[in-house]
1. Given the condition among the small types (Gly, Ala, Ser) and within 25 Å of residue 192 (Cβ to Cβ), answer yes or no: does some residue in region 407-417 qualify?
2. Quick one: residue 390 ticks every box in (1) within 30 Å of residue 428 (Cα to Cα); (2) at pLDDT below 95; (3) in a helix (DSSP H, G or I); (4) open to solvent by 70 Å² or more (accessible area, probe 1.4 Å) except a single one, so which number is it?
3. Hey, any hits in region 466-485 for a residue that's not charged (D, E, K, R) and not in a helix (DSSP H, G or I)?
4. State all residues of region 358-398 that are free of Cβ contacts under 8 Å to residues at least 12 places away in the same chain and small (Gly, Ala, Ser); if no residue qualifies, say none.
5. Tell me yes or no: at least one residue of region 541-561 is open to solvent by less than 50 Å² (accessible area, probe 1.4 Å), at pLDDT 85 or above and of a type in the set (A, V, I, L, M).
6. Being among the aliphatic types (A, V, I, L, M) and surrounded by fewer than 23 Cβ atoms within 10 Å (Cβ to Cβ) is the filter; apply it to region 61-75 and report the residue that is nearest to residue 478 (Cα to Cα).
7. Within region 167-187, can one find any residue that is open to solvent by less than 30 Å² (accessible area, probe 1.4 Å), under 26 Å from residue 506 (Cβ atoms) and polar (S, T, N, Q)?
8. Mind checking which pairs have a first residue in region 31-46 that is over 11 Å from residue 59 (Cα atoms) and a second that is of a type in the set (D, E, K, R), Cβ under 9 Å, 6 or more apart or different chains?
Amino acid sequence: MTMIDSAVAASSPSPVPSEIFSLVALLAISVVVVLILRYYLPLRTTPAFLLVPVFFALWLPASMVLLVPIDLASSAMVDDDVAARGIWLEPRALRVSWRITYWLTFSLTWFILPILAEYSDSGYREPKDKLMDSLRANAQYYAIVFGSGALGLVYVLISYGHFSESLKSTVMALAYCWGLVLAIYLMGHGLVAIPRRLLRNANISGRLRRIQSQAPRVYEQMEDAEMNLEDLEMHVSELSRRKVGSAKDYQDWIEELVDMTNLPESQPRAGLLRGSGDEARARALPTVITEKYMADLTRRLVRAKHARSRYLNEWNLLLRDAVKTQAILDSAASKKLDFGAHSPHGGFWDRFCILTPHTRFLLHYHVVPSLRLALGTLLAAASVCIVWSEMVKGLLPSLSVIRYSVVHHWVGENGQVGFAGQVIAALWMVYMCAAALTSITEVKVWRGRALVRRNTAHESAFWYASQVARLSVPLSYNFMTFLGGIYRDTAFYAFLGSLINMTPLGKWFDYLFPAVILLPVLAALFGLYGKVGRVFGFGADVIDDDADGDLGASAYGTGTWREGRDLIERELNGTSAAVRGRRAEAAARIAGGRSAPILSVPRRGGPVTPFAASPNTRPLANTSARGTAAAATSSSSTEPEDENFFEALGHRFKNTIDTIDTPKWMQDIGQGIKKPKWMAGGGSDDGAGGSGSSRPPLGPGRGNSDVRRWFGGNEGRIRL
């Protein structure tokens, strides 16, 4: 028997190679997570209480992308075929891995990260006060969570009959259901947004026009953030002048706030601080300065500084993309592309250049758009497969496309997952997670949180990490349900799935609710967010909805791409209001409301020239959808579809008059009638008061009979 056992042991495969591969993969995931943290946070100055939880909140979900394919290959085996099995682990190792991963993720999502987020957002100085403020801020959140858990326990008692495992199962099932609701909504939007963005960016001229259409909104947000920060700096400056009373007890705190501000460069003006009216009274300091007021002022000041940094970063990125895209368009004529001198503060790839101007043109003008088009088409097909699999997994799992792409080896009714199937499964999971996480950055109901390169707010970092951890488990288990009955043999199902399917409500919720993915998919596909938002008065304040195909079809003066083009031109040429008079505009808005928008009326056959622009401003080249011909033409030519409303109306009225045939008897009568001076168009006295025979005949060649001059215009502009 000993020899037989030794022979069986020698013939059975060893999990050591798979364990080594898993350790190397986990090490690679750790490196990627550290690089992500380094991109959004300054590692040297960020405290450890932020880096460690956020690292694990990203590392644990990323490890699930590795753990799910290993679990499928390890649990779905029917023989000892190593080639068909792929990377596999022992059942005990899988169970321990899932328990550690799940409960650490659960603790981070529901307890550690929310408390630390409010702790970092608190304005108090002492750690104890910060912690108590964080617990008070999370009290309502935990009351809702525990109340939902109590209702779930009552339902389990009625359905299951006893409480043997009901507490743990109810907690796990409720956490899964809430995460699944959020994951399905976000993933449905992302499955449409990602392919659509790639397909649209394949058109270079269309991409530039979309960048220009975003410029007014980003510029206005940047100005609002700067005005808000300036207003808070005025508060701090006025507070620092108080040396007696209750403010004396907080002098050290006030000095710290003064050090946080930029008061020497943006000293508040006396006219603003001594203003009258409701707005001035709202800015007045309270008579008694309390600790709560100081904490609230500190919190608001920190948030305002991060908001200013966020929108300034967005504006700089928009300018960089606009310049780069414009350079790509302009290179169509010379077949050479040069982005200029590289910034010394750029990354390694920005400073490392091996391409010649011609090869760079070929790459950015032909290769990159083609790759975007191909990748967008591929991801669009993948989105259709995911939506289809969500619809049929409960009733007809055999029709799931993802099932046949992952399970390649069938032995009777049972299937096996090989190494190729594991790689494909990991790619499916990465795309599903990317679709859900990308949508988080587009939804605007998250209290102004944002990810900023090297300057992300601590509270925002905690919040985004908690969302990644919250979505990882539902997305992982939801993917496994695409594979039919194979997933019931996995360790993940034995640990979590059996508890979800313990009650009829949980079972039907897991199977039928993912079909709701059609709602966010259709909403994103047909632009329902913007339509519904405009009906209820939200506009685009809920989610970014770029489904409108014609960016120039919106109302004039509401932030069209033409206004964005002018903003970008003035910023790049040093004549922007941000460079010349942003502080003056902020003062005007604070004193009497927002300044009027700049109305640009293009010259006939010339570029758009706003009234506030400098005469030396050099406009960018025409960016209409002419393809190569548009890049080769001069910037002084304007396409007919780029006409302003007033210009188009004047041209049509003029063309109508020009095409009227004047009878000869009316010409004879008209020779004796003098033209009034108000129709002379600013000519000489002789030209204005001469007979009709001295004026040029009606036709396209006349120069002083433009209908817009009747309204006091000059050089094609209308005086309002």
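The values are calculated or read from the model by the stated rules, or taken from the named source; none is laboratory data. No experiment lies behind these values; they were computed from the predicted model shown. Every residue, glycine among them, receives a Cβ derived from its backbone with ideal geometry; neighbour counts consider all protein chains shown. Quick note on the areas: whole protein, heavy atoms, side chains included, nothing else; ligands and nucleic acids left out. Shrake-Rupley method; radii C 1.70, N 1.55, O 1.52, S 1.80 Å.
1. no
2. (4)
3. Looking only at region 466-485, we keep the residues that are not charged (D, E, K, R), and these are 466-469, 471-485.
From the residues that got through so far, the ones that are not in a helix (DSSP H, G or I) too are none.
No: zero hits.
4. Of everything in region 358-398, those that are free of Cβ contacts under 8 Å to residues at least 12 places away in the same chain and small (Gly, Ala, Ser) turn out to be 374, 381.
5. Within region 541-561, not a single residue is open to solvent by less than 50 Å² (accessible area, probe 1.4 Å), at pLDDT 85 or above and of a type in the set (A, V, I, L, M).
6. 65
7. Taking every residue of region 167-187 in turn, at least one turns out to be open to solvent by less than 30 Å² (accessible area, probe 1.4 Å), under 26 Å from residue 506 (Cβ atoms) and polar (S, T, N, Q).
8. Close Cβ pairs (under 9 Å, with a partner that is of a type in the set (D, E, K, R)) amount to 38/454; 39/453; 39/454; 40/453; 40/454; 41/454; 42/454.
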